[in-house]
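Note sheet for the following structure.
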Amino acid sequence: MRADARHNRNRILEAARESFATLGLDVPMVEIARRSGVGIATLYRRFPTKESLVVEVFADDLHACAKVVDDALADPDPWRGFRTVIEKVCAMQAVDRGFTAAFLSAFPDAIDLERERECAERGFAELARRAKEAGRLRADFVQDDLTLLLMANSGIVTDSPEAALAASRRLVALLLQAFRAEGADPLPPATPLGLDQLSGGRPLPGP
């Protein structure tokens, strides 16, 4: 790749990352082109679809999320592993509005990312099972409660990423206390909430 082409590509990725983080994945491609200082034709030559751009921007984050779950599964302390996944994923979500939508979007042309997402979901379910078996996680915790937690975390609105992260940490600490088995009172029945509910069940936004 020529130096000027590489420079344009990096500008596009930087502008896209900033746009997705602050505005979510609904931001139009033309806006990303404007913010990056390149023409829309140049953007589409580098990234023919929004999916290809989102995959490039968030690939490292999605890999990191999957690794968080893998590392937690290797932790001999089931509760610590469970808690760590929630803390780290919520922190990522709090500072980047596009992260959750990217994690939940379908990427038919990015099989490895799809596989990692599915493995992460299965891994978290296994972490919850182990934490219950160890007597640390309340017995009536269900996978739908993870969706509920992420919905609450995504609703944090602040004037800076630092404030959002601080608020997220407090929310997560409060909810982790509620997830503990010790002294847990019965809860109302869970509402079925698949993770796709976080993005309203919508496909990846188009141009």
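The values are calculated or read from the model by the stated rules, or taken from the named source; none is laboratory data. Predicted, not measured: the structure shown is a model, and the values here were computed from it. FYI the Cβ positions are ideal-geometry reconstructions off the backbone, even for glycines, and counts take in every protein chain you see. Accessible surface is based on the protein model in full, side chains and every heavy atom, while ligands, DNA and RNA are left aside. Shrake-Rupley method; radii C 1.70, N 1.55, O 1.52, S 1.80 Å.
Among the residues of the range 126-152 satisfying the criterion of being under 15 Å from L73 (Cβ atoms) and among the acidic types (D, E), which is most open to solvent (accessible area, probe 1.4 Å)?
Once the filter is applied, the top-ranked residue is E133.
Using the structure shown, decide if A64 is modelled with pLDDT under 95, in a helix (DSSP H, G or I) and farther than 18 Å from L127 by Cα.
Considered against the rule, which asks whether it is modelled with pLDDT under 95, in a helix (DSSP H, G or I) and farther than 18 Å from L127 by Cα, A64 comes out as no.
When you go through (1) open to solvent by 20 Å² or more (accessible area, probe 1.4 Å); (2) over 21 Å from A173 (Cα atoms) one by one for T100, which number turns out not to apply?
(2)
Please find, within the range 1-38, the residue that is farthest from A164 (Cα to Cα) out of those that are small (G, A, S) and open to solvent by 40 Å² or more (accessible area, probe 1.4 Å).
Only one residue tops the list, namely A3.
Mind telling me which of the residues P108, P76 ends up being modelled with pLDDT of 95 or more and open to solvent by 10 Å² or more (accessible area, probe 1.4 Å)?
Of the residues listed, the single one that is modelled with pLDDT of 95 or more and open to solvent by 10 Å² or more (accessible area, probe 1.4 Å) is P76.
With respect to S19, is the statement that it is over 30 Å from K132 (Cβ atoms), among the polar types (S, T, N, Q) and in contact with a helix residue (DSSP H, G or I) (Cβ under 6 Å, 6 or more places away or on another chain) true?
yes
Just give me the residues in the range 134-166 being more than 17 Å from the chain's Cα centre (by Cα) and either farther than 17 Å from V95 by Cβ or in a helix (DSSP H, G or I) (or both), in sequence order.
A134, G135, R136, L137, R138, A139, D140, F141, V142, E162, A163, A166
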